[in-house]
1. Over the Cα atoms of segment B:129-170, each weighted equally, I'd like the Debye log10 I(q)/I(0) at q = 0.32 Å⁻¹, rounded to two decimals.
2. Identify which of B:Met248, B:Met70, B:Met293 has the largest mean-square fluctuation in a Gaussian network model of chain B, with springs joining Cα atoms closer than 10 Å.
3. With the full set of protein chains in place, find how many percent of the accessible area of chain B is carbon and sulfur; take the probe as 1.4 Å.
4. Distance from the Cα centre of segment A:55-124 to that of segment B:97-149, in angstrom?
5. Mind scanning A:Lys73/A:Lys152; B:Lys156/B:Lys207; A:Lys44/B:Lys207; A:Lys44/A:Lys73; A:Lys145/A:Lys189 and naming the pairs with a C-alpha gap bigger than 25 Å?
6. Ignoring any ligand, DNA or RNA, what whole percent of the accessible area of segment A:50-200 comes from carbon and sulfur when the probe is 1.4 angstrom?
7. Once A and B are treated as a pair rather than alone, how much accessible area drops out, both sides summed, in Å² to 100, probe 1.4 Å?
8. Quick one: Cα convex hull volume of chain A, Å³ per residue?
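The values are calculated or read from the model by the stated rules, or taken from the named source; none is laboratory data. These numbers come from a predicted model, not from an experiment. Don't worry about glycine lacking a Cβ; one is built from the backbone with ideal geometry, like all the others, and counts go over all protein chains shown. Keep in mind that these areas ignore ligands, DNA and RNA; they rest on the heavy atoms of the full protein, side chains included. Shrake-Rupley method; radii C 1.70, N 1.55, O 1.52, S 1.80 Å.
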Amino acid sequence: MSAPLLQLDAATIQFGGLTAVSAFTTAVADNELVGLIGPNGAGKTTAFNLITGVYQPTSGSIRFAGQPTVGLKPNQLTRLGIARTFQNIRLFHSMSVFDNIRAATQLHRRHGILDALWRGRAHRAGEREVEARVMELLEIFSLDKQRGELAKSLPYGDQRRLEIVRALATKPRLLLLDEPAAGMNPTEKDDLMRLIRFVKDRYQIAVLLVEHDMKVVMGICERIAVLEYGRKIAEGSPQEIQRHPQVIEAYLGAAASGKESPDA
Amino acid sequence: MSLPGAKRWLLLGIALAAVASHFAHSPELGLNRYYLGVAVDVGIAIILAVSLNLINGHTGQFSLGHAGFMAVGGYTAAKISLLISPAGEAAWGFPLALLGGGLLAALAGLLVGIPSLRLRGDYLAIVTLGFGEIIRVAVQNMESVGAASGLKGIPKYTTLGWTFGLAAITIYVITALVNSTYGRGFIAVHDDEVAAESMGIPTTRYKVTAFVTGAFFAGIAGGLYAHHKQFLSPTGFDFLKSIDIVVMVILGGMGRTAGVAAAAVILTLLPESLRAFSEYRMIIYSLLIILLMMLRPQGLFTFQRKQGGAS
């Protein structure tokens, strides 16, 4: 196997006296679907924020596609190919569904500020290209009928989907999903699992998933890492994780017998 | 607004301004100088409000320093004009003076923009407020621009045509900027900075661009003002002036160019029309603003955004 797409090496971050993520080492390969689980407050979202450049690690290193990412800003990391969604949906609320995705095509636009002012041929061609790409994405994910609606007026499940599509519009190589199943009903969760698999296969990208819902995590992840109090306590296949004594003790509880966890 | 023929509209606007100006200023027509003066005030207010709207409305930053940028532009332009021809006989130098004022104001926008980008909301408002006051106090102590007693004898170059031509350009530039894939970055920063950054939008660069562009046009407005009133005094650029412009932006519906321009017209004419009630003028003005804000908190001219998204 060649070098992994994402490599965390003893990544650590402290806030004052609190170590939120401690010496976290893991890797995600190209086109791999990895789950990151752990009890509330275990540091999963903080790990996401480290990977996406929202926080800088206190120590340790992070590499993406072979390049060290420490010191880069989130928008530069998106440029390299890391896109994400948020635990509490963060769409552009004053924009339509269409414009939400259009805004995320910024980094692949070739026409700039002067073209926007001059409104010449380069601008028109550039805008047409962007619009065609947005329409294509909307059609693939069947959001084209709602394209003119305000993002905030969509049903909850569609908002989650739109957030994933918006992340895809940046053409990522690694997609980070932060609790995409939160607040969904069982049908929506099934749809989501199908959607994540579809995205991974169609765009050949890697997915790193933070999720509380054991059915979703166990159902789609190829490998799972478990955090507790900021430390990785286990990593392995879903079957291994389900049988891992420390994981059962720390987190899974009832799910160890094959049922869903209490907070799922 | 889609802008297929936007450039044509811009040219039409400038042409109309020039024609209107030609007739309005011709002595045969003998238009009342007071009304002409108010009309120029209106045009300057439109430039100020529409340019602040890029910063406060579209990009969602809270600047209280617009009068400061206006002062930088006004004093610079006035000084340039006085250097070219102290007697005011070189109207050809006017565009140079305006451009110089705009560029120096833009530089001030860059200087204020960079450090204040780490700040949000109220904190940014305080920093920009402080900047405006620094400019005012600095001017008050600069002998070369008349210090506290003001800068007198600025040539009267500003006409209706210059004012509304430049107002048309301001509206065009800011509308064209925002209604493009490039410009949607401003609105993304306004809606959710964290999400914008994660979508690959360099939020810092967008905020600086908003400050620099907004300041540039505020500087142009300052230059027009200087050559309109023919007198500049630091007290004219205190923070109340900034507040006036902020009120126009809020009343017009943050981020709606047409609404903000209309609010600039109304809020300039309103105090003028209340001159008859001189003692109660400011009280009535304030009450009206309170009423308007209570009745239309979303802005006077805000309606549901059109399908397809752009304003």
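1. -0.94
2. Judging by the Gaussian network model, the answer is B:Met293.
3. On the way: 9420 of 13450 Å².
Ligands and nucleic acids excluded, carbon and sulfur give 70 percent.
4. 31 Å
5. Details: A:Lys73/A:Lys152 27 Å; B:Lys156/B:Lys207 35 Å; A:Lys44/B:Lys207 31 Å; A:Lys44/A:Lys73 20 Å; A:Lys145/A:Lys189 22 Å.
Checking Cα-Cα distances, A:Lys73/A:Lys152; B:Lys156/B:Lys207; A:Lys44/B:Lys207 exceed 25 Å.
6. On the way: 3270 of 6400 Å².
The nonpolar share, carbon plus sulfur, comes to 51 percent.
7. Details: alone 12860 and 15030 Å², together 24830 Å².
Buried area between the two chains comes out at roughly 3100 Å².
8. On the way: hull volume 37.1 nm³, N = 264.
Hull volume over Cα atoms, normalised by residue count, gives 141 Å³.
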